[in-house]
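Right, one structure below, let's go through it.
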Amino acid sequence: MQVEYFCRRCGSHMATLNLPAVNEAALGLHALTPEERADIITFDALAERMRVKSICDECAAGARVGGDRKPRLLH
């Protein structure tokens, strides 16, 4: 299965993983709530593809406020 990562803010393609099977625990997706899952992950069963929304480094750096180095998501 193909797992594609896209930035939720700018839409840029971040990475593509080609995996024989998806292990959600190995990808860190098992910790998501049902609401987070619905917002972050989409499946295309016909194309055997999962799309995951994340934040790219550029958008994360642009969202930082002050010197606290904590990302602040601007909606």
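Observations on the structure shown:
- Sub-7 Å Cβ pairs linking a first residue in the range 1-18 that is more than 13 Å from C56 (Cβ to Cβ) to a second residue that is of a type in the set (D, E) and in a loop (DSSP other than H, G, I, E, B), at least 6 apart or interchain, are M1/E48; Q2/E48, ordered by first then second residue.
- Checking each residue in the range 48-70 for being modelled with pLDDT under 85, assigned to a loop (DSSP other than H, G, I, E, B) and surrounded by 10 or more Cβ atoms within 10 Å (Cβ to Cβ) picks out only V65.
- All of A38, A26, A15 fail the test of being within 11 Å of V3 (Cα to Cα), exposed (fewer than 12 other Cβ atoms within 10 Å of the Cβ) and not β-branched (V, I, T), apart from A15.
- Any chance H13 is touching a helix residue (DSSP H, G or I) at 6+ places or on another chain (Cβ under 6 Å) and at pLDDT 80 or above: no
The values are calculated or read from the model by the stated rules, or taken from the named source; none is laboratory data. Note that this is a predicted model, so its numbers are computed, not measured. Counting neighbours? That spans all protein chains shown, and the Cβs are built from the backbone with ideal geometry, glycine included.
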